[in-house]
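Written out below as structure tokens is the structure these notes cover.
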Amino acid sequence: MWWPWPLVSVLVLCSLLSVGTVRTAPCQTCRKLTSSFIKGLERTANKNFGGGNTAWEEEKLAKYARSETRLLEIVETACDKSDFDCNKLLEQIEDQVETWWFHRQHEAPDPFEWLCIDELRLCCPPGHYGPECAECPLGPGGVCGGLGRCEGEGTRLGDGECVCDPGYSGPLCQNCADGYYREKSSNHTQPPCSACYQSCKKCTGPQDNRCQECKPGWILHNNKCVDVDECGTELARCPSNTYCFNTDGSYECRGCDQACVGCMGSGPARCKKCSRGFRLTGSKCLAGPEKGLFDEMTDDEILVLQQMFFGVVICALATLAAKGDMVFTAIFIGGLAAMAGYWLSEKGDRVLDGLLKGR
């Protein structure tokens, strides 16, 4: 054997070798391997022995052309050392490579066709696909009308459906896809499909006023597609502490300013409520001093505390006055009158409000 592998490995390999063992190897690996093999053939085709004797060199080169030595030189560089798939496949097809080299080169000069298509059945000829190498769909211009590719073409995989080039659709890629229109042609050939204006789904020309149907997020008006403002309708759905920002054909949900708890737009002037550590100054939520004990209370809560405060003071004085002490009775009556006056006055309200809020 020409292969420089241990005898035990060769015996194990040969016992497992069959066409079925390599069917799962991808066509691409076999194609890459045979392409490298062909380059090796070209590299070693005119090898110079440098003997100076033409007759002798011709005789030696003739023997070298089909020799095991040349085959070994080609095989040793057929796969990169890091290419696991290529090296694995090369190990599996030792016998087939040797058969082609010594017995089939003359009748099958293309190693890819003989090895990858006919012998190993990993690939199909151009224009064919699938396990049985069925013919790809044909149209004017060739496979898929020349405007797409056949799914799985050249391999034993795929379903053969046409994957059309951008701008084309249909079983044979003969129709214009959404967003494209058929150009006019002066000859009898089918004209190509060209792009509509960016907002048009269907159109009769490239201008913005040639639309027939609009893409999502746009509405047709006088043959033009006008952007729908989702933010001004109920179409937009944005999570809490974000606001809606309209874009062409759609919208975005953008985060509120850090000063805001909920907002209607960008910046601290569009807040629905100020965040902790911020207070409303004019129309903006701006950072303020550290809050006092009562800063988080509402005006109603402050009013209740004021009433409770007055109640406690009055009750204390009334208790002392009830003991019959004329001094405390006078203080009680005077305090009651004073507090009632302050309670009813705007000044007293401001004083107590500032006292309770620590201002």
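Within the group Glu132, Glu153, Glu107, which residue is within 30 Å of Glu68 (Cβ to Cβ) and assigned to a loop (DSSP other than H, G, I, E, B)? The conditions single out Glu107. Listed by first and then second residue, the pairs linking a residue in the stretch 32-49 that is open to solvent by 60 Å² or more (accessible area, probe 1.4 Å) and part of a helix (DSSP H, G or I) to a residue that is modelled with pLDDT under 95 and not hydrophobic (A, V, I, L, M, F, W, C), with Cβ atoms under 9 Å apart and 6 or more places separating them unless they lie on different chains, are Lys32/Asp83; Lys32/Asp85; Lys39/Thr77; Arg43/Glu73; Arg43/Thr77. Residues of the stretch 133-145 being under 24 Å from Glu113 (Cα atoms) and surrounded by fewer than 21 Cβ atoms within 10 Å (Cβ to Cβ), which ones? Correct list: Cys133, Ala134, Glu135, Pro137, Leu138, Gly142. Within the stretch 4-27, does at least one residue satisfy the condition of being open to solvent by 30 Å² or more (accessible area, probe 1.4 Å), at pLDDT 90 or above and assigned to a helix (DSSP H, G or I)? Within the stretch 4-27, none of the residues are open to solvent by 30 Å² or more (accessible area, probe 1.4 Å), at pLDDT 90 or above and assigned to a helix (DSSP H, G or I).
What number of residues within the stretch 105-124 are more than 17 Å from Thr155 (Cβ to Cβ) and open to solvent by 80 Å² or more (accessible area, probe 1.4 Å)? The total comes to 3.
Considering the stretch 183-219, and only residues there that are among the charged types (D, E, K, R) and free of Cβ contacts under 8 Å to residues at least 12 places away in the same chain, the residue that is farthest from Cys164 (Cα to Cα) turns out to be Lys184.
All conditions in (1) loosely packed, with under 14 Cβ neighbours inside 10 Å; (2) in a loop (DSSP other than H, G, I, E, B); (3) not charged (D, E, K, R) hold for Ile219, with the sole exception of (2). Contact map, the stretch 67-78: first residue farther than 13 Å from Phe102 by Cβ and open to solvent by 20 Å² or more (accessible area, probe 1.4 Å), second residue assigned to a helix (DSSP H, G or I) and of a type in the set (Ser, Thr, Tyr), Cβ cut-off under 7 Å, separation 6 or more or different chains; pairs are Glu73/Thr44.
The values are calculated or read from the model by the stated rules, or taken from the named source; none is laboratory data. Please read all numbers here as calculations on a predicted model, not as lab measurements. Heads up, the Cβs are rebuilt from the backbone with ideal geometry, glycines too, and the neighbour counts pull from every protein chain shown. For accessibility, only protein heavy atoms count, side chains too; no ligands or nucleic acids. Shrake-Rupley method; radii C 1.70, N 1.55, O 1.52, S 1.80 Å.
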